[in-house]
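The values are calculated or read from the model by the stated rules, or taken from the named source; none is laboratory data. This structure is a prediction, so every number in the text was calculated from the model and none was measured. Positions of Cβ are backbone-derived with ideal geometry, glycine not excepted, and every protein chain shown enters the neighbour counts.
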Amino acid sequence: MLSGMGAYLLWGLLPLYFSVLAPADSFEILAHRIVWCTVFCLLLLALTGGFRALRTALTDGKVLGTLALAAVLVCGNWLVFLLGVMSGNVVEISLGYYINPLLSILLGVFVLRERLRPLQWVAIGLAAAAVVVITVGYGAVPWFGLAVAVTFAGYGLVKNRVGAKVGALSGLTVESIVLTPLALGWIGWTYLAGTATFSGEGSGHVLLMLLLGPATALPLLLFGSAARRIPLSWVGMLQYVTPTMQFLTGVFLMGEEMSAARWAGFGLIWVACLVLITDMVRRARRR
């Protein structure tokens with residue numbers, strides 16, 4: 001339970017962390033996040049003797065292809081998250097992570113041919129209504145939130161396909177390795193273009209950029225540790241810690257505007273989350 005809470009608390013703090021990395025832009029931060037995540041994961045594998053599992057994943061064409069797709073989706077998720085944070089749309093990002101569990105349920109219906117329970121239908125209907133209310137009242141579609149939800153739900157679905165074959169650390173390492181050449185290329189481009197901030201903003205900035213590796217990998221590893229040991233219904237309730245922290249950060253620390261339509265939309269989302277949690281608890285008790 002502590003591992004799960006630690007993972008979601010760390011994820012909830014990411015908007016504040018990324019905001020202090022200015023003047024680095026979203027693409028430079030993303031590139032360094034990928035590179036230092038790769039370095040950190042390889043170090044952990046060296047300490048735990050996990051290179052055999054990594055070699056197995058890299059030499060299995062089907063597993064490697066699936067993890068490459070997962071890498072593209074998680075890279076898209078990280079980029080949208082960064083663009084949202086750096087442009088002052090943290091509240092909208094939190095909306096995406098509130099919606100994400102509901103979108104994952106829909107993917108289960110359309111891709112895995114699962115059947116929805118009545119309360120799940122109610123929760124999805126409330127979430128859809130919330131997006132409509134926010135869109136109409138705010139005058140714009142919450143693209144950041146929707147993109148975050150779609151990419152992360154897709155990432156979860158793809159990872160589900162290889163979860164039994166590849167451990168959390170090995171899988172994350174493969175995903176990072178797949179993305180590293182592009183990340184290194186972008187970092188090189190920033191130096192050629194004279195826009196690199198990594199070595200020009202002092203030792204504190206360098207340290208914060210280096211810590212992007214642990215900041216990326218540790219929450220995922222804590223989550224993996226928790227998910228194997230506590231009931232799924234507990235994981236389902238814990239997952240709302242992160243968007244709640246992001247919402248509070250956006251409203252109270254970053255001063256983002258909350259119109260009446262936004263409050264109404266988020267109210268519907270929170271009711272949808274409560275309905276979904278109720279359904280998970282009832283199902284767990286029946287089991």
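State all residues of region 195-248 that are closer than 18 Å to residue 22 by Cβ, surrounded by fewer than 17 Cβ atoms within 10 Å (Cβ to Cβ) and polar (S, T, N, Q); if no residue qualifies, say none.
195, 199, 203
Would you point out the residue of region 182-194, among those that are among the small types (Gly, Ala, Ser) and at pLDDT 95 or above, that is farthest from the chain's Cα centre (by Cα)? Walk me through how you get there before you give the answer.
Step one: filter region 182-194 for residues among the small types (Gly, Ala, Ser), giving 183, 185, 188, 193-194.
Now restrict to residues that are at pLDDT 95 or above: 183, 185, 188.
Details: 183: 19, 185: 24, 188: 26 Å.
Applying the filter and picking the extreme gives 188.
Just checking, how many residues over region 107-134 are modelled with pLDDT of 85 or more, in a helix (DSSP H, G or I) and under 17 Å from residue 275 (Cβ atoms)? Working first, answer last.
Just the residues of region 107-134 that are modelled with pLDDT of 85 or more, to begin with: 117-134.
Restricting the remaining residues to those that are in a helix (DSSP H, G or I) gives 118-134.
From the residues that got through so far, the ones that are under 17 Å from residue 275 (Cβ atoms) too are 118-131, 133.
Result for region 107-134: 15.
Test of understanding: among 197, 249, which residue is polar (S, T, N, Q) and either at pLDDT below 90 or closer than 21 Å to residue 90 by Cα (or both)? Please lay out each step first, then the result.
Values: 197 fails: either at pLDDT below 90 or closer than 21 Å to residue 90 by Cα (or both).
Being polar (S, T, N, Q) and either at pLDDT below 90 or closer than 21 Å to residue 90 by Cα (or both) holds for just one of 197, 249, which is 249.
Residue 251: surrounded by 15 or more Cβ atoms within 10 Å (Cβ to Cβ) and over 12 Å from residue 120 (Cα atoms), yes or no?
Working: surrounded by 15 or more Cβ atoms within 10 Å (Cβ to Cβ): yes; over 12 Å from residue 120 (Cα atoms): yes.
In short, yes.
Within region 155-192, take every residue that is within 14 Å of residue 58 (Cα to Cα) and among the β-branched types (Val, Ile, Thr) and give me the one that is surrounded by the most Cβ atoms within 10 Å (Cβ to Cβ).
173
A quick yes/no check of all residues on (1) aromatic (Phe, Trp, Tyr); (2) more than 18 Å from the chain's Cα centre (by Cα); (3) modelled with pLDDT of 90 or more:
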| position | (1), (2), (3) |
| --- | --- |
| 225 | no, no, no |
| 233 | no, yes, no |
| 244 | no, no, yes |
| 271 | no, yes, yes |
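Residues of region 66-109 being farther than 22 Å from residue 34 by Cβ, in contact (Cβ under 8 Å) with a residue 60 or more places away in the chain and small (Gly, Ala, Ser), which ones?
Answer for region 66-109, where residues must be farther than 22 Å from residue 34 by Cβ, in contact (Cβ under 8 Å) with a residue 60 or more places away in the chain and small (Gly, Ala, Ser): 88, 94.
Considering only residues that are surrounded by 15 or more Cβ atoms within 10 Å (Cβ to Cβ), within 21 Å of the chain's Cα centre (by Cα) and of a type in the set (A, V, I, L, M), which ones fall in region 131-144?
131
For the structure I just gave you, tell me whether residue 216 is closer than 28 Å to residue 197 by Cβ, of a type in the set (Val, Ile, Thr) and touching a residue at least 60 places away in the same chain (Cβ under 8 Å). It would help to see each step written out before you state the result.
Numbers: closer than 28 Å to residue 197 by Cβ: yes; of a type in the set (Val, Ile, Thr): yes; touching a residue at least 60 places away in the same chain (Cβ under 8 Å): yes.
Against the criterion (closer than 28 Å to residue 197 by Cβ, of a type in the set (Val, Ile, Thr) and touching a residue at least 60 places away in the same chain (Cβ under 8 Å)), residue 216 qualifies.
Quickly run through region 97-108 and pick out the residues that are within 14 Å of the chain's Cα centre (by Cα) and over 8 Å from residue 243 (Cα atoms). Let's see the steps before the verdict.
At the first step, the residues of region 97-108 found to be within 14 Å of the chain's Cα centre (by Cα) are 97-101, 103-104.
Across region 97-108, the qualifying residues are 99, 100, 101, 103, 104.
Test residue 285 against the criterion of being without any contact (Cβ under 8 Å) to a residue 12 or more places away in the chain, more than 20 Å from residue 159 (Cβ to Cβ) and of a type in the set (Lys, Arg), and give yes or no. Let's see the steps before the verdict.
Numbers: without any contact (Cβ under 8 Å) to a residue 12 or more places away in the chain: yes; more than 20 Å from residue 159 (Cβ to Cβ): yes; of a type in the set (Lys, Arg): yes.
So residue 285 passes the test.
Which one of these is under 30 Å from residue 166 (Cα atoms) and among the charged types (D, E, K, R): 262, 283?
Details: 262 fails: under 30 Å from residue 166 (Cα atoms).
283 is the lone residue from the list that is under 30 Å from residue 166 (Cα atoms) and among the charged types (D, E, K, R).
Could you tell me which numbered condition residue 97 fails, if it satisfies all but one of (1) in contact with a helix residue (DSSP H, G or I) (Cβ under 8 Å, 6 or more places away or on another chain); (2) hydroxyl-bearing (Ser, Thr, Tyr); (3) farther than 27 Å from residue 17 by Cα; (4) at pLDDT 90 or above?
(3)
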